[in-house]
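Since the structure comes first, as structure tokens, the remarks are kept for the end.
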């Protein structure tokens with residue numbers, strides 16, 4: 001009897017899309033305004049979804065206070081109000097697209113979770129664009 | 001050619017999280033403010049999702065008027081403006097976490113549906129926490 | 001040059017609508033399911049709006065960190081996960097309708113604000129019902 | 001490493017639900033107010049979800065500018081501000097239920113996509129009713 | 001001590017924008033796709049806001065059950081699933097723009113309200129366009 | 001008979017909060033993480049509200065296509081995917097708080113509007129913080 005429980009969170013960050021192996025012209029051709037060298041930014045809205053069995057003692061798949069603590073440490077403290085390109089090691093050589101950010105967040109939360117639980121990340125870059133990643 | 005059709009609904013209820021086998025201290029340690037013996041409450045927002053084939057005569061997976069009637073009887077009349085711990089038989093010996101409420105709602109709707117249809121419940125306890133259950 | 005800045009917050013609570021001068025029948029006639037003696041509850045979503053001049057040194061009408069602290073102490077710590085009828089002194093003799101809750105919240109925040117600032121409260125009892133109060 | 005990227009879009013249209021093989025009475029019995037011969041209408045909110053591998057050069061599953069162009073041509077230019085029953089060839093002999101509209105949109109976008117990508121359509125007929133279709 | 005209480009509602013309708021004193025060319029020049037003679041449609045989302053004193057016996061500005069009944073009769077029964085141009089007398093000689101629809105709804109609700117109460121209508125034609133009218 | 005019509009729009013930008021007359025310590029004390037010298041960013045959601053008489057020929061307060069064009073030129077082309085501190089002249093000596101951004105947007109749209117129309121700007125910096133400015 002698998003149930004999925006989800007918790008919303010959010011952070012703000014600056015980034016630019018950029019491939020260092022390409023010319024500036026090629027970067028602008030592919031990434032358009034998103035390659036602005038002065039950066040732009042987003043309010044990232046995050047949904048962390050955990051799937052597992054209901055614990056009969058608590059009625060919980062996972063205590064949300066524990067999940068909130070993991071999100072605080074792995075996402076909020078690490079990414080909020082940061083420049084993703086300049087300040088986050090994972091993006092030194094990885095383009096901070098919403099796809100790649102979701103993979104980074106998934107990995108950071110995954111390592112803090114019980115192996116029996118499944119994890120899915122939904123990440124909104126804007127209210128109109130979002131990605132889902134389940135490992 | 002399977003299509004999923006979803007209908008939103010909502011109800012309000014009071015509850016507390018509580019395990020009668022534990023001391024008050026242990027209940028407070030695990031459930032925090034949610035174990036307040038005077039109860040607190042939520043606006044539960046519900047999404048009922050039905051998967052099946054499109055009927056070629058109607059173009060419907062299921063007539064939404066029929067689904068609305070089932071939700072009215074199985075969820076709204078049964079749970080709306082109720083105290084889940086005190087008034088709902090399923091929670092006499094089951095902690096009314098959002099996980100367990102979703103399982104109860106799933107079972108109540110499942111028994112009214114054609115066996116060929118699949119059912120998934122999404123239940124928001126707050127705009128920031130929600131669960132999904134598919135049986 | 002008056003600007004209004006708003007901050008959203010939220011809390012959960014149980015309540016019942018009840019006039020102790022009326023019979024149970026009259027209470028049920030006027031308040032319907034909302035007079036359930038076992039209580040029901042809501043996720044209250046709150047918008048606190050502050051109007052004033054922009055401070056030329058900060059570019060702020062008011063520092064939102066300071067406003068968040070006031071909301072935390074005056075609303076969240078005081079009302080969240082509470083039974084409004086049983087646990088909140090203001091509602092010992094005042095019916096906890098969304099109108100009256102908004103007036104109580106307005107008064108509690110008003111006394112912590114600089115007299116030059118105007119205050120408006122918007123309080124959602126459900127996503128479909130809300131009140132506004134400006135003193 | 002499959003990631004799903006989604007883009008929201010929207011269009012407005014008029015329609016009526018109607019089965020030409022049935023009497024008007026039977027149409028009204030099954031479709032109710034939705035069979036009004038003078039038509040009614042909706043704001044359709046669309047989510048187009050594409051699943052595939054992240055391209056290591058771009059960090060994209062698919063360039064959203066390309067996806068926006070496909071949605072513009074296949075959905076917006078074709079359906080926006082139209083009468084579905086009278087003006088859209090697919091619905092000459094197909095009831096324009098939200099289920100059938102989602103299948104038509106899926107087919108129109110599918111033929112423009114790289115075969116390696118998976119496609120899912122989520123279509124809201126109202127903020128309270130929606131369907132999902134993945135082929 | 002004036003408080004404003006608001007209630008959300010919704011209806012669907014078909015319409016076209018059209019000035020019978022103008023040529024078809026002029027109608028298309030001014031109204032664009034909205035002048036399609038085959039009609040298009042919208043999900044209209046409505047907020048009805050009532051301002052008045054709190055009744056000390058009930059704690060209500062106005063009983064929402066009474067307001068829901070007025071909205072049902074004056075808006076839902078009258079406009080839902082209708083063709084505004086063909087079926088609603090007010091629009092026989094009045095262009096059914098969202099501005100004019102809000103004025104019609106305001107007038108229909110106003111005549112059912114106590115004279116001491118103030119009324120404001122907010123009407124969303126789409127999630128991105130809306131009007132406000134207070135008489 | 002004054003009616004207000006509103007149109008939603010959006011743009012993304014990077015910024016930092018910073019007062020050049022203060023030390024870095026004082027900037028961090030007042031602006032916290034928002035003073036990160038590497039910038040952070042937001043999805044700004046904008047509501048432009050125009051109040052005026054309904055034109056009896058069109059049924060419009062203002063043609064929304066014209067308003068969309070003004071927003072495109074004055075806001076989107078000017079601010080979208082920009083670094084507010086480095087690239088927007090108005091913020092060379094003005095802290096790009098959401099209050100000050102709303103005043104800049106108001107001024108840019110105001111000068112393109114007919115003098116008989118009133119203008120109000122609502123600007124969301126995040127889904128939880130927003131300002132309103134009416135001149």
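Scanning segment E:107-123 for residues that are under 10 Å from residue E:50 (Cβ atoms) and touching a helix residue (DSSP H, G or I) at 6+ places or on another chain (Cβ under 7 Å) yields E:109, E:119.
Restricted to helices (runs of 4 or more DSSP H) entirely inside segment E:44-135, those with at least 1 residues that are under 30 Å from residue F:45 (Cα atoms) are E:98-110. When residue E:120 is tested against (1) within 12 Å of chain F (Cβ to nearest Cβ); (2) within 24 Å of residue D:36 (Cβ to Cβ), exactly one condition is not met: (2). Annotation: residue F:10 fulfils all but one of (1) in a strand (DSSP E or B); (2) within 12 Å of chain A (Cβ to nearest Cβ); (3) buried (at least 20 other Cβ atoms within 10 Å of the Cβ); the unmet one is (3). Quick check on segment F:69-86. Is at least one of its residues within 14 Å of chain C (Cβ to nearest Cβ) and touching a helix residue (DSSP H, G or I) at 6+ places or on another chain (Cβ under 7 Å)? Checked against the condition, which is being within 14 Å of chain C (Cβ to nearest Cβ) and touching a helix residue (DSSP H, G or I) at 6+ places or on another chain (Cβ under 7 Å), segment F:69-86 yields at least one hit. The set of residues in segment C:37-68 being more than 10 Å from chain B (Cβ to nearest Cβ) and within 22 Å of residue C:128 (Cα to Cα) consists of C:46, C:47, C:48, C:49.
Among the residues of segment F:99-112, how many are free of Cβ contacts under 8 Å to residues at least 40 places away in the same chain and either within 20 Å of residue C:56 (Cβ to Cβ) or surrounded by fewer than 17 Cβ atoms within 10 Å (Cβ to Cβ) (or both)? Number satisfying all stated conditions: 9.
Filtered by the rule that a residue be farther than 17 Å from residue F:9 by Cα and either facing another protein chain (nearest Cβ under 9 Å) or in contact with a strand residue (DSSP E or B) (Cβ under 8 Å, 6 or more places away or on another chain) (or both), segment F:93-112 gives F:94, F:95, F:96, F:97, F:99, F:100. Across segment A:17-36, the qualifying residues are those that are more than 9 Å from every other protein chain (Cβ to nearest Cβ) and assigned to a loop (DSSP other than H, G, I, E, B), and the one among them that is nearest to residue B:128 (Cα to Cα) is A:18. All told, residue E:44 falls short of being free of Cβ contacts under 8 Å to residues at least 40 places away in the same chain and within 25 Å of residue D:17 (Cβ to Cβ). Close contacts from segment F:50-67, counting a first residue that is free of Cβ contacts under 8 Å to residues at least 24 places away in the same chain and a second that is part of a loop (DSSP other than H, G, I, E, B), with Cβ to Cβ under 6 Å and a gap of 6+ residues or different chains, come to F:59/E:95; F:59/E:97. Do we have residue A:75 as farther than 16 Å from residue A:7 by Cβ, within 13 Å of the chain's Cα centre (by Cα) and touching a residue at least 24 places away in the same chain (Cβ under 8 Å) here? For residue A:75, the condition - farther than 16 Å from residue A:7 by Cβ, within 13 Å of the chain's Cα centre (by Cα) and touching a residue at least 24 places away in the same chain (Cβ under 8 Å) - is not met. Set side by side, the residues A:45, A:90, A:53 differ, and just one is touching a strand residue (DSSP E or B) at 6+ places or on another chain (Cβ under 7 Å), surrounded by fewer than 18 Cβ atoms within 10 Å (Cβ to Cβ) and modelled with pLDDT of 95 or more, which is A:53.
The values are calculated or read from the model by the stated rules, or taken from the named source; none is laboratory data. Note that the structure is predicted; figures quoted are calculated from it, not measured. With ideal geometry, Cβ positions are generated from the backbone for all residues, glycine too; neighbour counts draw on all protein chains shown.
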